[in-house]
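To start, the structure itself, in structure tokens.
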Amino acid sequence: PLTSTVQTVTEAGYRDLVRLGGPRGGGGGSSAGPQGMLEGTGEPLARIRLIEVTEPVAAGDPVYGAAGKGLLPEPLLYGRVVRVERPVGAAHWEIWMEPAVAPGMPERVAVLRAELNPLRVAEKKEALKSAN
């Protein structure tokens, strides 16, 4: 009865709140590193925006999901920083992330947010009315 759309982190239009940081003492997750906005660009790497140049960022830093606290037992690992640049005079880093999952569609996914499609709901109601 429900349909889900899978969108990879590198697809144009994908956005999520992320946090950079190292793993916490053996249990996974992330330390309280800087927070930014992950954006899919349609290219093999995703971009992370809005992290100030005063924050420490380095290639190899892990990138974790910052939104959805309580939905998962541990923060979702998105990938690792592969390129960090500071444009002249910019207040924010240009950060590029390589996804933790290989390109292409995964074999298995977890639905993190359910949204009902109002058109499908209306069609279903109409079909039930017509059947009666």
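Values quoted throughout were computed directly from the atomic coordinates according to the rules given, and no laboratory measurement underlies them. Everything numeric here is computed off the predicted structure, so don't read it as measured data. Cβ sites come from the backbone with ideal geometry, for glycine too, and all protein chains shown count toward neighbours.
A few notes on this one:
- Computed lengthening from residue 14 to residue 50, 0.36 nm per intervening residue step minus Cα-Cα distance: 11.4 nm
- Note on residue 101 and residue 41: the model spin-label points, each 7 Å out from Cα along the C-beta direction, lie 2.1 nm apart.
- Seen from residue 80, the other residues with C-beta closer than 9 Å to its C-beta sum to a net charge of -2, counting Lys and Arg as +1 and Asp and Glu as -1.
- Near residue 93: Cβ cut-off under 12 Å, other residues only, Lys/Arg at +1 and Asp/Glu at -1. The net charge is -1.
- Distance in nm between pseudo-label sites at residue 91 and residue 127 (7 Å out along the Cβ direction from Cα): 5.1 nm
- Computed from backbone phi, the HN-Hα couplings of region 37-49 come to 10, 7, 10, x, 10, x, 9, x, 10, 9, 9, 10, 10 Hz, rounded to whole numbers (Karplus: 6.51 cos²θ - 1.76 cosθ + 1.60, θ = phi - 60°; Gly and Pro given as x).
- Summing +1 for each Lys or Arg and -1 for each Asp or Glu among the other residues whose beta-carbon sits under 14 angstrom from that of residue 102 gives 0.
- Under 5 Å, built H, 5+ apart or other chain: amide partners of residue 66: 17, 18, 19
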